[in-house]
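Structure, as structure tokens:
The values are calculated or read from the model by the stated rules, or taken from the named source; none is laboratory data. Since the structure is predicted, the reported quantities are computational estimates derived from the model, not experimental observations. Note that we place each Cβ from the backbone using ideal geometry, even for glycine, and neighbour counts take in every protein chain shown.
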Amino acid sequence: MTLRIGIIHNNEQKSLDVFQRLVPLIEKKAGIKLVERDPELVITIGGDGTLLSAFHRYNHKLSDVLFLGVHTGHLGFYTDWRDYELEELTDSLCRNRGKSVSYPLLDVVVNFSDGRSKHFLALNESTIRKGSRTMVADVYIKEERLERFRGDGLSVSTPTGSTAYNKSVGGAVLHPSISALQLAEIASLNNRVFRTLGSPAIIGNQEWIEVKLRSQGNHMITVDQLDVSGPEISSVKYKIAEERIHFASYRHMHFWHRVKDAFIRED
């Protein structure tokens with residue numbers, strides 16, 4: 001049975017060189033076909049940003065697509081293969097078909113004051129900000145109001161996204177086997193008048209977060225690399241998505257090895 005493979009790369013010269021070397025290696029393998037539409041396996045060449053772009057391109061058919069990343073940048077948290085391992089990679093495509101590991105995703109619904117809503121999936125995180133002004137929002141966990149937040153903004157991340165922006169604002173690193181989302185505050189105001197939880201919160205997959213905006217003016221929502229903004233945004237709802245992303249586990253790196261390699265690497 002022929003394996004249909006699509007390749008997505010960034011425009012850095014190193015990635016273009018890897019693409020030129022990878023294509024003939026794949027084309028000479030029996031049972032593998034390069035396609036531009038309806039791939040079963042998507043190989044990304046670049047870094048985590050390239051893989052995020054591929055995820056958003058194919059997030060409408062996540063149950064039918066596996067992802068695999070070739071790392072050519074400075075940090076590849078989602079990429080298992082290096083640019084000098086292409087022959088080993090193509091050999092693995094033939095030997096280890098069908099094996100995969102899946103990670104949780106974030107379901108994001110942005111609601112507008114006129115009744116409209118927009119739905120997104122995030123692999124890493126979503127943030128809410130209000131430009132250079134203080135954002136005011138009521139934060140609900142399920143139906144219970146947790147706090148009235150005042151500060152720069154809020155970040156909601158997946159377990160794999162916990163190592164991205166979430167970590168930089170003081171969030172915890174979560175193993176992706178934990179089906180949960182994480183709420184982290186971005187520069188909250190805490191004094192005798194205004195109080196917030198002041199620490200990250202881990203929310204289980206049977207609960208959800210709703211952020212109801214109380215400040216006036218333009219708010220910006222990010223969903224991974226995507227932006228949604230406008231004064232008419234009224235609330236944002238987050239939960240663990242029913243969909244999951246599936247990575248081809250021809251050689252899937254241990255999560256804590258990734259963490260160590262990315263943040264602690266010992267020379």
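Looking across the range 40-90, the residues that are out of contact with any helix residue (DSSP H, G or I) (no Cβ under 6 Å at 6 or more places or on another chain), assigned to a helix (DSSP H, G or I), farther than 20 Å from R258 by Cα and touching a residue at least 60 places away in the same chain (Cβ under 8 Å) come down to S53, H56, N59, E87. Scanning the range 71-123 for residues that are more than 17 Å from F255 (Cβ to Cβ) and among the basic types (K, R) yields R82, R95, R97, R116, K118. Checking each residue in the range 234-252 for being surrounded by fewer than 21 Cβ atoms within 10 Å (Cβ to Cβ) and within 19 Å of S113 (Cβ to Cβ) picks out S234, S235, K237. Where strands (runs of 3 or more DSSP E) fall wholly inside the range 167-254, the ranges with 1 or more residues that are within 16 Å of the chain's Cα centre (by Cα) and not β-branched (V, I, T) are 180-188, 226-230, 233-248. Residues that are hydrophobic (A, V, I, L, M, F, W, C) and over 26 Å from the mean Cα position of the chain (by Cα) within the range 4-21 are absent altogether.
For the range 169-186, the candidate set comprises residues that are more than 18 Å from I209 (Cβ to Cβ) and at pLDDT below 95; within that set, the residue that is surrounded by the most Cβ atoms within 10 Å (Cβ to Cβ) is P176.
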